[in-house]
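Throughout, read-outs are computed from the coordinates displayed, never taken from laboratory work. Given the structure is predicted, the values throughout are model-derived calculations rather than measurements. Here the Cβ positions follow ideal geometry from the backbone for every residue, glycine too, while neighbour counts run over all protein chains shown.
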Amino acid sequence: MDYLREHPDRVWELTRQHVELVAVTMFFAILIGVPLGIVITRLRWLEGPVIGTTGALYTVPSLALFAMMIPYTGLGRRTVVIALTLYSLLAIIRNTVAGIDGLPAATLDAARGMGMTGTQRLVMVELPLALPVIMAGVRLSVVAAIGIATIAALMGVGGLGRLIFDGISRLDSDRIIAGALAASVLALGADWSLALLGDLLRKDTRASRGWR
């Protein structure tokens, strides 16, 4: 705890780097994962290959994945972002599919009866109603990415893992505790914030269904 009190600026800077890395990762993961989930609900034959591939990638140890990518993407930020994005896809794709599949048939029939096109149903009905479930997948991915990103410090991209590995190399338990504690607080804060956002979305969804 002494390190946190004596070097707050250093901890804050590493936390900022950590947040930035996870934010960039989640941007790409959502940009890829949600459309893939939507496509799966339209082309069911893709579900097995896509879920199977992302599931297999999720089981690969993070250090091994980083090592396998270095010859192709280099040692640095690009490798870390790509690896974290691959790890984040499974939960987002699964929850996007589950959210759309779980919509009431009566709601979709009503949308068709109103003359909505497929695109209109997706944008105005399916995605808004499935959003709470999709957000649950994003929440899981964010918390996992925060944890895995600590290992990414070995790739020279900074973040809170830098404190942990510096502490290990110097046999300084105070640095290790500072890095681990800051990463834990960040993960818990992100989990709580996204859980609150998910609850708000669920309430909005229930209200929308009740109005309909």
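Report, as a whole number in µm² per second, the diffusion coefficient that Stokes-Einstein gives for the chain at 20 °C and 1.002 mPa s using the Kirkwood radius over alpha carbon pairs. Rounded to a whole number, D works out at 114 µm²/s. Derived value for region 114-189: Kirkwood hydrodynamic radius 14.9 Å. Basis is the mean of 1/r over every pair of different alpha-carbon atoms.
Couplings 3J(HN,Hα) of region 145-159, computed from phi: 5, 4, x, 5, 5, 5, 6, 4, 4, 5, 8, x, 9, x, x Hz, in residue order, whole Hz [Karplus 6.51 cos²θ - 1.76 cosθ + 1.60, θ = phi - 60°; x for Gly and Pro].
Run the paramagnetic zone check for Met124: 7 angstrom along Cα to Cβ, then residues of region 37-69 with backbone nitrogen under 12 Å. Residues passing the 12 Å test: none. Show the residues, 5+ positions off or on another chain, whose built amide H is closer than 5 Å to the amide H of Leu160. Here the answer is His18, since their amide H atoms fall under 5 Å of that of Leu160. Comparing mean-square fluctuations of Gly189, Gly33, Gly48 from a GNM of the chain with C-alpha springs under 10 Å, the top value falls on Gly48.
Neighbour counting of Cβ atoms within 10 Å sorts the residues Asp199, Asp191, fewest neighbours leading, into Asp199, Asp191.
Rounded to the nearest 10 degrees, what's the angle between the helix 8-42 long axis and the longest principal axis of the chain, both from Cα atoms, 0 to 90? Between the helix axis and the principal axis of the chain, the angle is about 30 degrees. Here region 133-198 is assigned +1 on the Cβ of each Lys and Arg and -1 on the Cβ of each Asp and Glu. Its dipole about the Cα centre then comes out at about 80 debye.
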